[in-house]
Amino acid sequence: MRSIIIAIVALLPCTMNATEATDTTVNYQGRKFVIGSNDTETKITVYQNDTNKIKESVFVNGNNVVRTYVSSPFSGENELQTMGVKGMLPTVWVGINKLTDGIGSSGNPMGSNMWGSFEAGVTPLRTAVSLDRAKTFGLISGLQLVFSRYRFDHNYGMRMNNGLVERIGCDATTANNMFFGSVRVPLLFTLQEPQMPGAMSLGVSFEARTNAKYNFKASDNTTGMSDGLKLNRFGVNLEMYINYGPVYLGLKTGLTPIFKTTDGVKANMTSISIGTDIDKVFKLFKKK
């Protein structure tokens, strides 16, 4: 496509000498190229099947600005987009999570209950930079605010012991959970196709956590458990996102544990999430 447009640009002087007030149309390989020019810019518009506008190149003072028209159920009909890598991160999301015994492990020695554990977050800031000339590969980053809750089995409680989390057996446990807040900064490599409203992103996120509020109750009035748990202040996670339109699916796993235990058991986070881009949702409903 780029080579075709360059070839057409080479013919611009001839077409502009031939006519100044009327656009020039060129049909080539099933596509229609419409060339228009005025005092400030020269524009080449590409149509598929005569009426479906798919690309537009504008030449202003020797500079080329390429725009791509995307038709999809999420972006609307013929939405004009500036070509380039975008900060494709969910603006809001929610997911289920659990603690595992180390990186990539499916073991659950902490007895965390995935169906009673969750995280929810928002992304108030997003940014992106292209790393290739085609503007399909790049880096995306942002600032994320996260709330996390973990629910544990009802056969023990936890307390702090010299800065480490110690588990104490208690069969009368009726409530065993903790929650905390964190700030994440993802740094992800992304692959985006300008003519498709989707992307795949993979990388790491850096996390700063508060300490956890710990909630323990027992039917036999067991005491001695802590009201709060000391967490590792900073952590690093491996993250992957796949999105299409405003819908995001995410997978995260902790490369470092959330806290340290007296028995050496790891406490690495694993999370599966679904999210959305609020801006894209608003635009979608606005077009209807």
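Brief remarks on what is shown
- Sole residue being in contact with a Pro (Cβ under 8 Å, 6 or more places away or on another chain) and under 22 Å from Trp115 (Cα atoms), chosen from Tyr156, Tyr241: Tyr241
- Of all residues in the range 231-288 being small (Gly, Ala, Ser) and out of contact with any Phe, Trp or Tyr (no Cβ under 6 Å at 6 or more places or on another chain), the one that is farthest from Arg149 (Cα to Cα): Gly264
- Set Val129, Val146: member being modelled with pLDDT of 95 or more and assigned to a strand (DSSP E or B): Val146
- Of note, Asn97 does not satisfy the criterion of being in a strand (DSSP E or B), modelled with pLDDT under 90 and under 23 Å from Gly250 (Cβ atoms).
- Among the residues here, Asn113 does not qualify as closer than 22 Å to Gly235 by Cβ, out of contact with any strand residue (DSSP E or B) (no Cβ under 8 Å at 6 or more places or on another chain) and open to solvent by 20 Å² or more (accessible area, probe 1.4 Å).
To keep it simple, each residue is scored yes or no on (1) within 25 Å of Pro257 (Cα to Cα); (2) open to solvent by 10 Å² or more (accessible area, probe 1.4 Å); (3) over 12 Å from the mean Cα position of the chain (by Cα).
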{"position": "Pro90", "(1), (2), (3)": "yes, no, no"}
{"position": "Lys98", "(1), (2), (3)": "yes, yes, yes"}
{"position": "Ile103", "(1), (2), (3)": "yes, yes, yes"}
{"position": "Gly107", "(1), (2), (3)": "yes, yes, yes"}
{"position": "Glu119", "(1), (2), (3)": "yes, no, yes"}
{"position": "Val122", "(1), (2), (3)": "yes, yes, no"}
{"position": "Ser130", "(1), (2), (3)": "no, yes, yes"}
{"position": "Phe137", "(1), (2), (3)": "no, yes, yes"}
{"position": "Gln144", "(1), (2), (3)": "yes, no, no"}
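- Scan of the range 251-272 for residues that are open to solvent by less than 10 Å² (accessible area, probe 1.4 Å) and touching a Pro at 6+ places or on another chain (Cβ under 9 Å), ordered by number: Ala267, Asn268, Met269
The values are calculated or read from the model by the stated rules, or taken from the named source; none is laboratory data. Treat the numbers as computed from the prediction; the structure is a model and nothing was measured. We place every Cβ from the backbone using ideal geometry, glycine too, and count neighbours over all the protein chains shown. Accessible surface areas use protein heavy atoms only, side chains included; no ligands, DNA or RNA. Shrake-Rupley method; radii C 1.70, N 1.55, O 1.52, S 1.80 Å.
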